[in-house]
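S.K.: A single structure is presented below for examination.
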Amino acid sequence: NAGVMQNPRHLVRRRGQEARLRCSPMKGHSHVYWYRQLPEEGLKFMVYLQKENIIDESGMPKERFSAEFPKEGPSILRIQQVVRGDSAAYFCASSPPGSSQETQYFGPGTRLLVL
Amino acid sequence: SQQGEEDPQALSIQEGENATMNCSYKTSINNLQWYRQNSGRGLVHLILIRSNEREKHSGRLRVTLDTSKKSSSLLITASRAADTASYFCATVVHNTDKLIFGTGTRLQVFP
């Protein structure tokens, strides 16, 4: 059973470009969470999704950021018109149905660098 | 901010010594979890303790939880160089599904 997969592992963008980060949850997991980690800091919650639904987006910036988890395919975190402050590691986690308050399984992260 | 605090921020010890990390949080919780992060890597789940539990063991790990003080501690006994990593506590806030992470303790174990 493969773990949570994220791609790309590293992404370099120039200011104003778009960044698309992908997350494939573990097999059988229907809950996906996105977190952001700035250098030397802990992870901060961004958004919680179930298939085709955003459950909690209280940690997501109101502008430029969006997330989706379609019926088929990976979850996508999209950042439009990136700025230098978006440089961070973005981690995805997943959990099985009915266990959102239990252990979340984390992917290896995507490290975004905005030049 | 709901983010918890961890203490100390950094800890350096020799192999074989014990390492103790503390975590404080702010809100009512369902459970508290500890994760490890090696440099440049993702997080690995270590242990989960529920709000009605006071102590839990897993191998060389011992976790305590004091809900009256809103604090938890992680003890790693007989540390090894491979334990070198950052350690984060994370709480699941009551009636939500998101993890709130602490600021982390950077542990360095010297051979």
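S.K.: Using the structure shown, select from A:Lys27/B:Lys69; A:Lys44/A:Lys71; A:Lys62/B:Lys56; B:Lys26/B:Lys56; A:Lys71/B:Lys56; A:Lys51/B:Lys69 the pairs with a Cα to Cα distance greater than 31 angstrom.
M.R.: With Cα atoms farther than 31 Å apart: A:Lys27/B:Lys69; A:Lys62/B:Lys56; A:Lys71/B:Lys56; A:Lys51/B:Lys69.
S.K.: Using the Karplus curve 6.51 cos²θ - 1.76 cosθ + 1.60 with θ = phi - 60°, work out ³J(HN,Hα) for each residue of segment A:31-47 in order, rounded to whole Hz, and write x for Gly and Pro.
M.R.: With the stated coefficients, segment A:31-47 comes to 10, 10, 10, 10, 10, 10, 10, 7, x, 6, 10, x, 7, 10, 4, 10, 7 Hz.
S.K.: First select every other residue whose beta carbon is under 13 angstrom from the beta carbon of B:Arg41; then total the charges, Lys and Arg +1, Asp and Glu -1.
M.R.: +3
S.K.: To the nearest 20 debye, what charge dipole does the protein assembly as shown have about its Cα centre, counting +1 at the Cβ of each Lys and Arg and -1 at the Cβ of each Asp and Glu?
M.R.: 560 debye
S.K.: Separate question: Dipole magnitude of chain B about its Cα centre, charges +1 at Lys/Arg Cβ and -1 at Asp/Glu Cβ only, in debye to the nearest 20?
M.R.: 200 debye
S.K.: Would you calculate the separation in nanometres between label points at A:Glu41 and B:Thr64, each defined as 7 Å from the Cα along the Cα-to-beta-carbon direction?
M.R.: For A:Glu41 paired with B:Thr64, the spin-label model returns 3.2 nm.
S.K.: Trypsin sites (Lys or Arg not before Pro) within segment A:60-115: which are DSSP loop residues with at most 13 other Cβ atoms inside 10 Å?
M.R.: Sites meeting the loop and neighbour criteria: A:Lys62, A:Lys71.
S.K.: Could you check how much of the accessible area of chain B is carbon and sulfur, as a whole percent, using a 1.4 Å probe?
M.R.: Accessible surface attributable to carbon and sulfur in chain B totals 44 percent.
S.K.: Which number do you get for Rg(Cα) / (2.2 N^0.38 Å) in segment A:15-115?
M.R.: Taking the Cα Rg and dividing by 2.2 N^0.38 Å, one obtains 1.03.
S.K.: Counting only protein heavy atoms and a 1.4 Å probe, tell me what percentage of chain A's accessible area is made up of carbon and sulfur.
M.R.: Answer for chain A is 48 percent, counting heavy atoms of protein chains only.
S.K.: May I ask for the net charge around A:Tyr35, where only other residues with Cβ less than 10 Å from the Cβ of A:Tyr35 are counted and Lys, Arg are +1 while Asp, Glu are -1?
M.R.: Net local charge, A:Tyr35 excluded: +3.
S.K.: Towards the positive end of the charge dipole of chain A, with charges on Cβ (+1 Lys, Arg; -1 Asp, Glu), say which of A:Thr110, A:Gly98, A:His10 has the farthest Cα.
M.R.: Going by the Cα projections, it comes out as A:His10.
S.K.: If you filter segment B:64-101 for trypsin sites (Lys or Arg not before Pro), then keep DSSP loop positions with at most 10 other Cβ within 10 Å, what is left?
M.R.: Answer by residue number: B:Lys69.
S.K.: Just checking the output field for A:39-47: average partner chain Cβ neighbours within 10 Å of each residue's Cβ?
M.R.: 6
S.K.: Roughly how many Å is it from the Cα centre of segment A:1-28 to that of segment A:45-115, as a whole number?
M.R.: Each part reduced to its Cα centre gives a spacing of 9 Å.
S.K.: Same structure again: Hey, what do the phi angles of segment B:84-89 turn into as Karplus ³J(HN,Hα) couplings, whole Hz, using 6.51/-1.76/1.60 and θ = phi - 60°, x for Gly and Pro?
M.R.: Using θ = phi - 60°, the values come out as 4, 4, 9, 10, 10, 8 Hz.
The values are calculated or read from the model by the stated rules, or taken from the named source; none is laboratory data. Note that the structure is a prediction, hence the values are computed from the model and not measured. Cβ atoms come from the backbone with ideal geometry, glycine included; neighbour counts cover every protein chain shown. Keep in mind that these areas ignore ligands, DNA and RNA; they rest on the heavy atoms of the full protein, side chains included. Shrake-Rupley method; radii C 1.70, N 1.55, O 1.52, S 1.80 Å.
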